[in-house]
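FYI, it's all coordinate maths here, none of it is from the lab. Everything numeric here is computed off the predicted structure, so don't read it as measured data. Cβ placement follows ideal geometry from the backbone for every residue including glycine, while neighbour counts extend to all protein chains displayed.
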Amino acid sequence: MTSKALLPLSVVALSLLGFIASAQAGWEDVASPYDVQRLSRLEEARASGMDAAHDGWIERHSSAVRAALEGETGPLARRDVIGGWRCRTVKSGGILPAIGYGWFRCRVSEREGHLFFQKLSGTQRLAGYLYPHRSGGYVLLGAWSVKGEPMHTYSGNGVSAGAVTGPDDAIALVSASGRGRVRIEFPFPGQESVYDVMELRR
């Protein structure tokens, strides 16, 4: 077989290897270095947020704030996260008092073999893919958008030159927090707080 005959086969093989590598990429391969660093400081953000919620003034929905933060987190099975959810957000830490918000609609679905999260109602929307995490949960790499806008996508390593992250980028750890409950923890979200939690309930 000549070298000319081998060339098309080599191109196909390299393309296939690239596709496989992309499909098997871990969250660290997709996330920006800044977001990898943010998630590595989750415990620090969690401690600050918990202290603010327990010892400080809560501006609104104090029962929601405490409920969203109570209990331990653990591994989350794929089958247990798929489907529709009620979801609400708590913001804590930083210069503002802790605050809780009301319930909205969220959903986790499958897209070409990957888990995809969406916050479907409310002014602030969120969408992104879930990647397995060593804790047994998932890492959410998503982007915020405003109701009426096209859905934004996570910029990750494609962030604009000179920026460490996209203005709408979000990274979070997704874990089980009880029967029919999921906790999504956002460390250092960049606006208003140090620690945000989105609580999901069936």
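Selection among 65, 114, 83 by position relative to the dipole of the stretch 27-201 gives 83 as farthest towards the positive end (Cβ unit charges, Cα centre).
Under unit Cβ charges (Lys, Arg +1; Asp, Glu -1), what dipole magnitude, rounded to 20 debye, does the stretch 94-202 have relative to its Cα centre? Write down the numbers at each step before the final one.
Working: 12 positive and 9 negative charges, 115 e Å.
Computed about the Cα centre, the dipole is about 560 debye.
Placing a pseudo-label 7 Å from each Cα along the Cα-to-Cβ vector at residue 77 and residue 123 gives an inter-label distance of 4.0 nm. Taking other C-beta atoms within 10 angstrom as a stand-in for reagent exposure, 154, 34 fall in the order 34, 154, fewest first. The Cα-based radius of gyration of the stretch 50-202, divided by its Kirkwood radius, gives an Rg/Rh of 0.95.
The relative contact order of the stretch 27-201, computed from alpha carbon pairs under 8 Å that lie at least 6 residues apart in sequence, is 27 percent.
Checking every one of the GluC sites (Glu not before Pro) in the stretch 52-90 against DSSP loop status and a limit of 14 other Cβ atoms within 10 Å picks out 70, 72. The Stokes-Einstein estimate for the stretch 22-132, based on a Kirkwood radius over Cα pairs and taken at 10 °C with 1.306 mPa s viscosity, is a diffusion coefficient of 99 µm²/s. Once the Cβ-Cβ distance of residue 146 and residue 70 is raised to the sixth power relative to R0 = 30 Å, the FRET efficiency obtained is 0.50.
Once you list every other residue whose beta carbon is under 11 Å from the beta carbon of residue 155, what net charge do they have if Lys and Arg are +1 and Asp and Glu are -1? Write down the numbers at each step before the final one.
On the way: positive: none; negative: 35, 168, 169.
So the surrounding residues net to -3.
Report, for the stretch 27-201, the % of DSSP beta bridges that are antiparallel, rounded to 5.
Values: 53 of 55 bridges.
The antiparallel fraction comes to roughly 95 percent.
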